[in-house]
1. Apply the Debye scattering formula to region 236-372, with a single equal point scatterer on each alpha-carbon and no solvent, then give log10 I(q)/I(0) at q = 0.19 Å⁻¹.
2. So between Trp283 and Ser317, what do we pick up on full extension, going 0.36 nm a residue minus the alpha carbon distance?
3. As an exercise, use a Förster radius of 22 Å and the Cβ-Cβ distance of Ser183 and Gln67 to find the FRET efficiency, rounded to the nearest 0.05.
4. If you filter region 316-355 for trypsin sites (Lys or Arg not before Pro), then keep DSSP loop positions with at most 15 other Cβ within 10 Å, what is left?
5. Mind checking the alpha-carbon convex hull of region 1-159 and giving the volume per residue in Å³?
6. Among Leu331, Ile217, Trp37, pick out the residue whose Cα is farthest towards the positive end of the charge dipole of the chain, where Lys and Arg carry +1 and Asp and Glu carry -1 on C-beta, about the Cα centre.
7. Calculate the dipole size of the chain relative to its Cα centre from +1 charges on Lys and Arg beta carbons and -1 charges on Asp and Glu beta carbons; express the result in debye to the nearest 20.
8. Could you work out the helix-only [θ] at 222 nm for the chain, with each DSSP H run of four or more residues adding -39,500 (n - 2.57) and the total divided by the number of residues, to the nearest 500 deg cm²/dmol?
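Here, each number is a calculation from the coordinates, and none is a lab measurement. Remember, it's a predicted structure, so these values are computed and weren't measured experimentally. With ideal geometry, Cβ positions are generated from the backbone for all residues, glycine too; neighbour counts draw on all protein chains shown.
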Amino acid sequence: MGHECGPVEDMVDTFWRGKRVFLTGHTGFKGSWLSLWLQSLGATVAGYALDPPSTPNLFEAAQVGSQMESVLGDVCNLPAMRAAIADFKPEVVFHLAAQSLVRPSYQDPLGTYHTNVIGTANLLECVRDCASVRALVVVTSDKCYENRGSPHPYRETDPLGGYDPYSSSKACAELVVSAYRSSFFPVERYLEHHVAIASARAGNVIGGGDWAQDRLIPDIMRGFSSARSVPIRNPHATRPWQHVLEPLRGYLCLAQGLFQDGTKFSGAWNFGPQEGDAKPVQWIIKRLAEQWGTGARWEIDKGQHPHEANMLQLDWSKAAQELGWQPVLSLAEALDMTLSWYREFLAGKNSRKKCLEQIAEYTAKAAQPSAR
């Protein structure tokens, strides 16, 4: 086995404490969870993003901005983002800002490309201009691969592609990252520029605090909590579902590896669930309906819908072999955590406290020898 990220709890007193970490997209679902986790690890955190994407939203519900520097801005605004990064002088950067949904990409393809491709190029330009940066993780998507509709899990070396504008834009973002790395931050000249860049591709994340439109879990929670029947578009579509903390742990592990040995960990990385946890949409909603109980209803939406891939799985063996990362939650456990979060939110409980408790519980589970 190559570099071991080590037990996650070791990071509390070692790597992340005092690190200056900058996130784009910190007001989004994944960005909010990552910001909270970094805060709990003792990092000094700053973020740059648009206003939270929904009402309600995790950023405000969990008071994510209360212990970090938060700058509202668009990644397409290069001067504003450059100023925010230059002022903060980060050592580690996570790029999560994106138009992150397939269906809206059909409605606004140019906006999707502008945010996901030009926004990524803008971020890389900012890193070029900031001498303090040592590690950059650019988050793209499992949908960046040329989807052949086969059960074969995609590897980092498989061709990039994308049927729809969103998927295509993420493949384009991967090409931009690769070009910048080759042109301006080549691994063979690492001792000159000291910047290590990697891209991270994860599956369909679930977890508490997601209220995005046209995403399965938020749609289910909105329907169940109001006793409305949930329309399901693609009941047989199979996705690599995983709790949001799983890939975030991968991103943290990858950033640590980049910082400590950039020549080994630059490149593309998959972070996915166990193979058996790639389940069809219908399996997910049936299980959640059983657990929810009264008020849980759903129906097949037989209307016309844009194309979405039916089969998608990731091969994360590279992360296991070289980073020492592997998923630790079963899909059943991920769904239980998610449902628990929403139940407490609906009951008026403290969302920040709940997030930090789930991070601590997940961290403890990941640190057990049986999980590695």
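1. -1.21
2. 9.7 nm
3. 0.05
4. Lys349
5. Here the figure is 156 Å³ per residue.
6. Of Leu331, Ile217, Trp37, it is Ile217.
7. 420
8. -12000 deg cm²/dmol
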